[in-house]
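**Student:** One structure, pasted below without further comment.
The values are calculated or read from the model by the stated rules, or taken from the named source; none is laboratory data. Just so it is clear, the model here is predicted, and its values are computed rather than measured. Using ideal geometry, Cβ is built from the backbone for each residue, glycine included, and neighbour counts are taken over all protein chains shown. Ligands, DNA and RNA are stripped out before the accessible areas are found, and what is left, the full protein with its side chains, is counted by its heavy atoms. Shrake-Rupley method; radii C 1.70, N 1.55, O 1.52, S 1.80 Å.
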Amino acid sequence: MELPRQLRERVEAMLEGQPLDALKRASARLSSRYRQELRDGSFHISDQLAAQAYLAARLPATYAAIRAAMEMIAEVRPGFEPRQLIDVGAGPGSALWAAADCWPDIEQATMVEASEAIRQTGKSLSEGLEVASTWLDGNLIKALPDIAPADLVTLAYVLDEMEPHQIAASIGKLWALTSDTLLIIEPGTPAGWERILAARDVLLSKGAHIVAPCPHAKDCPIVAPDWCHFSRRVARSKIHRLVKDADVPWEDEKYIFIAASRVPSPLPEARVIAPPQGSGSVIRLKLCREDGSAAEQIYSKRDGAAFKWARRADWGDAREKDSG
């Protein structure tokens, strides 16, 4: 997956002329903070250089993860066509660009971000979109601005900046702003999965209906040290490779998410929750099923249509009830 051409060109224009060594150092500091999941009250992106480093090193991956999660929502709910977006912890607007790409009918977006440096960067980037966006200073933990509810609300890569005891109240605030669907995305780590499970529990307790990725609303069948997550391959631009000293022209972004709605939706029979194994005449898929179980299933040629589906299936794909 690549950034949309218009976004890629605007990012390249913003980074033009910026010394590479400075970007590398700022990117390394950002990466260290994210890996350590520091919660010291300071902004991860505190100045313009840090904002530019984020554009170079992290924007492609976060965009890809958000866009992939939205794609799963669209597959489950093909009739969902949001018109308004609220994105909390908006960063440079990754969710705005992903939503505009997934649902072109979005008309208005409210972007809430506490860091002025990245908020101004995102505001400048969003001028290239045909979406009326308002960028507001706000903090999910402390105080959010007065915002009217929207049919799509997003929170991407933000729960990892909170203490565990702050998650429930934060999800409650977001759900109150959601007139239809709430999407929450976290890094695809064991800790990220645990935070998504906590958010899922809060949403179910409030009567929310699961949309994706789970094909059920029962307890998660995955048991630690295993964890549920997905992956999206991201194409690296030249500046992306240079900032990360990377030789490979791509990277794999691991992510996990939960999407819930006030409207019930038909859920798939199962979802592939690990990379497929095998080839030729035998395919092994780890599936999370609508009955609340998760296990490996083996498909062979004698399974007919089901085998044909299994050969095409990829990590994250849904198995619909009529797929054989």
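**Student:** Cut-off 10 angstrom, C-alpha nodes, Gaussian network model of the chain. Which of Ala198, Ala212, Ala109 fluctuates the most?
**Tutor:** Ala198
**Student:** Considering the options Met162, Leu152, Ser231, tell which one lies farthest towards the positive end of the dipole of region 152-259, charges being +1 on Lys and Arg and -1 on Asp and Glu at the Cβ, about the Cα centre.
**Tutor:** Of the listed residues, the answer is Leu152.
**Student:** Run the helix sum for the chain: -39,500 (n - 2.57) per DSSP H stretch of 4+ residues, divided by residue count, reported at 222 nm to the nearest 500 deg cm²/dmol.
**Tutor:** About -11000 deg cm²/dmol.
**Student:** Could you tell me which of rounded, prolate or oblate describes the chain, using a ≥ b ≥ c as the square roots of the eigenvalues of the alpha-carbon gyration tensor, with rounded for a/c under 1.5 and, failing that, prolate when a/b is larger than b/c and oblate otherwise? Could you put the intermediate results ahead of the total?
**Tutor:** On the way: a/c = 1.72, a/b = 1.35, b/c = 1.27.
Here the chain falls in the prolate category.
**Student:** Please work out how much accessible surface Met72 shows to a 1.4 Å probe, ignoring ligands, DNA and RNA, in Å² rounded to 10.
**Tutor:** Using a 1.4 Å probe on the heavy atoms, I get roughly 10 Å².
**Student:** Counting Lys and Arg as +1 and Asp and Glu as -1, each charge on the Cβ, what is the dipole of the chain about the Cα centre in debye, to the nearest 20?
**Tutor:** Here the chain has a charge dipole of around 820 debye.
**Student:** Show me the ranking of peptides 205-211, 184-190, 301-307 by mean Cβ neighbours inside 10 Å, starting with the highest. Before the final figure, lay out the partial values.
**Tutor:** Numbers: 205-211: 16.9, 184-190: 22.0, 301-307: 12.9.
Going from most to least packed, we get 184-190, 205-211, 301-307.
**Student:** Out of residues 5 or more away from Val263 or on other chains, whose amide H comes under 5 Å of its own, with H placed 1.01 Å from N in the peptide plane?
**Tutor:** So Val263 has HN proximity to His209.
**Student:** Per 5 Å bin from zero, what fraction in whole % of the C-alpha pairs of region 134-209 is there, up to the bin with the longest pair?
**Tutor:** Spelled out bin by bin, region 134-209 gives 3, 14, 29, 27, 18, 8, 1 percent.
**Student:** Calculate the FRET efficiency for Lys142 and Ala306 from the Cβ-Cβ distance with a Förster distance of 51 Å, rounded to the nearest 0.05.
**Tutor:** Efficiency computed from Cβ-Cβ geometry: 0.50.
**Student:** Taking the dipole about the Cα centre of the chain, with the C-beta of Lys and Arg at +1 and of Asp and Glu at -1, give me whichever of Ser126, Pro4, Ile86 is farthest to the positive side.
**Tutor:** Among Ser126, Pro4, Ile86, the one farthest towards the positive end of the dipole of the chain is Pro4.
**Student:** What figure in square angstrom, to the nearest 10, would you give for the accessible area of Cys214 with a 1.4 Å probe?
**Tutor:** Per-residue accessible area (Cys214): approximately 30 Å².
**Student:** OK, next. Quick check: the distance between the Cα centres of region 186-254 and region 275-316, to the nearest angstrom?
**Tutor:** 21
**Student:** For Thr134, list long-range residues whose amide hydrogen, built 1.01 Å from N in the peptide plane, is under 5 Å from its own amide hydrogen.
**Tutor:** Ala109, Thr110, Met111
**Student:** If I build a Gaussian network model for the chain, linking alpha-carbon pairs within less than 10 angstrom, which residue out of Ala51, Ala176, Ala100 has the largest mean-square fluctuation?
**Tutor:** Comparing Ala51, Ala176, Ala100 in the GNM, the peak value goes to Ala176.
**Student:** Let me ask another. What shape does region 169-322 take by its C-alpha gyration tensor, where a ≥ b ≥ c are the square roots of the eigenvalues and a/c under 1.5 counts as rounded, a/b above b/c as prolate, and the rest as oblate?
**Tutor:** Because a/c hits 1.5 or more and a/b fails to exceed b/c, region 169-322 counts as oblate.
**Student:** When a/c reaches 1.5 or more, the comparison of a/b and b/c decides; with that in mind, is region 238-324 rounded, prolate or oblate per its Cα gyration tensor? Could you put the intermediate results ahead of the total?
**Tutor:** Details: a/c = 2.87, a/b = 1.41, b/c = 2.03.
It is oblate, given that a/c is not under 1.5 and a/b is not larger than b/c.
**Student:** Using θ = phi - 60° and the Karplus curve 6.51 cos²θ - 1.76 cosθ + 1.60, what whole-Hz ³J(HN,Hα) does each residue of region 235-243 get, with Gly and Pro shown as x?
**Tutor:** So the J values, rounded to whole Hz, are 6, 8, 6, 4, 5, 4, 5, 5, 5.
**Student:** Another question, if that's okay. Within region 103-171, list the GluC sites (Glu not before Pro) lying in a DSSP loop whose Cβ has at most 10 other Cβ atoms in a 10 Å radius.
**Tutor:** Sites meeting the loop and neighbour criteria: Glu127, Glu130.
**Student:** Also: Mind ranking Leu49, Leu182 by accessible surface for me, highest first, 1.4 Å probe?
**Tutor:** The ordering from most to least exposed comes out as Leu49, Leu182.
**Student:** In a Gaussian network model over the chain where Cα atoms closer than 10 Å are linked, find which of Ala132, Ala274, Ala117 has the largest mean-square fluctuation.
**Tutor:** Ala132
**Student:** Right, another one. Given the options Ile283, Ile222, Val263, identify the residue whose Cα lies farthest towards the positive end of the charge dipole of the chain (+1 on Cβ of Lys, Arg; -1 on Cβ of Asp, Glu).
**Tutor:** Of the listed residues, the answer is Ile283.
**Student:** Another question, if that's okay. From the phi angles alone, apply the Karplus equation (6.51, -1.76, 1.60; θ = phi - 60°) to region 96-102 and give each ³J(HN,Hα) in whole Hz, x where the residue is Gly or Pro.
**Tutor:** Values per residue, Gly and Pro as x: 4, 5, 5, 5, 5, 6, 6 Hz.
**Student:** Mind listing the phi-derived Karplus ³J(HN,Hα) values for region 108-114, rounded to whole Hz, using 6.51, -1.76 and 1.60 with θ = phi - 60°, and x for any glycine or proline?
**Tutor:** Result, rounded to whole Hz: 9, 9, 10, 10, 10, 8, 7.
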